[in-house]
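Notes to accompany the following structure.
Bear in mind these aren't lab numbers, they're just calculated from the coordinates by the rules spelled out. Worth saying up front: this structure is predicted, and the values here are computed from it rather than measured. With ideal geometry, Cβ positions are generated from the backbone for all residues, glycine too; neighbour counts draw on all protein chains shown.
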């Protein structure tokens, strides 16, 4: 009998990659989300789920025993205005709390929570606050209920399945559609990009690595790039047919060099080896995006 895995938010960007990796490693994949993903395989089981409805969560949990439950659900936008504070805090904190209660009630397996590098930062506005609070709640459930967990703080992800809330997606979309990339900052900001395929594999590998359970993990790329170097790479890939414009403004809510602010909770860093080269990964994204954007412009 196959091991069952539940991926809450499995129709999203990183969640869909994790579903595929779980399936490739022999798991029976159950997706719980508001919508089905176009990337979802026919062999995956889909459950409609609003994480603010505890009865919907209970209905799924009581019908299956899951070796691992992933939580990728919630609101994931940095630098949002105060108008979205309630939505962000409610979905990310109360949704997480509902899932935790159901896991404890029905004695499910390992809980893997998709956090963010902003959880260890004073940046990230209400999104960062919601992630840090959720991490603290999970740690408390570990103390009170012996909950087995892994918290993964994802860094700068990119990949073919990304949407407009993804940084590299927005850059490539601007290059493809306008032949111009406008960057709000100076270009000196640094990031450690990791392809979602690499992140997904590491996210599944931790299930069997007991020494990483009940830990906070950092998952970013192995190469550090300045933003100006990333933009230069994209410009070169497009054979210098696009222009780069620096607006030299403060990018509110985002970090320049590191997202980390001193906190007493430390985290271990996971490293992909081998990993997808950033340049090759960007080329793959461009091929995929050009087709998607062309289909949107010329629907049947």
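Determine which residues of the range 149-167 fall in the zone a paramagnetic label at residue 3 would reach in this model, i.e. backbone nitrogen under 17 Å from the point 7 Å along Cα→Cβ. Only 149-151 fall inside the zone, counting backbone N under 17 Å. Sorting the segments 164-170, 177-183, 224-230 by their residues' average number of neighbouring beta-carbon atoms within 10 angstrom, most packed first, yields 224-230, 164-170, 177-183. Which angle between 0 and 90 degrees, to the nearest 10, do you get for helix 196-205 versus the longest principal axis of the chain when only C-alpha atoms count? The answer is roughly 20 degrees. If R0 is taken as 22 Å, the Cβ-Cβ distance between residue 42 and residue 295 corresponds to a FRET efficiency of 0.50.
Hydrodynamic radius of the chain by the Kirkwood approach over all distinct alpha-carbon pairs: 20.0 Å.
The long axis of helix 167-178 is offset from the longest Cα principal axis of the chain by roughly 40 degrees. Just the Cα atoms of the range 122-245, one point each, no solvent: what log10 I(q)/I(0) does Debye give at q = 0.15, 0.22 Å⁻¹? Here the Debye-derived log intensity ratios amount to -0.83, -1.33. In degrees between 0 and 90, to the nearest 10, how far off the longest principal axis of the chain does helix 125-145 point, with axes built from Cα atoms? The two axes meet at around 20 degrees. Rounded to the nearest 500, the helix-only mean residue ellipticity at 222 nm of the chain stands at -11500 deg cm²/dmol, with each DSSP H run of n ≥ 4 adding -39,500 (n - 2.57). Quick one: compute the contact order of the chain, relative version, from alpha carbon pairs under 8 angstrom and 6+ residues apart, as a percent. Computed over the chain, the figure is 17 percent. As a rough guide to protection, the peptides 37-45, 91-99 ranked by mean Cβ packing within 10 Å, highest first, stand as 91-99, 37-45. P(r) tail for the range 156-224, what percent of Cα pairs lie past 15 Å? In whole percent, the share of Cα-Cα pairs in the range 156-224 beyond 15 Å is 65. Compactness check for the range 63-174: Cα Rg over 2.2 N^0.38 Å is 1.14. Once divided by 2.2 N^0.38 Å, the Cα radius of gyration of the range 197-240 becomes 1.76.
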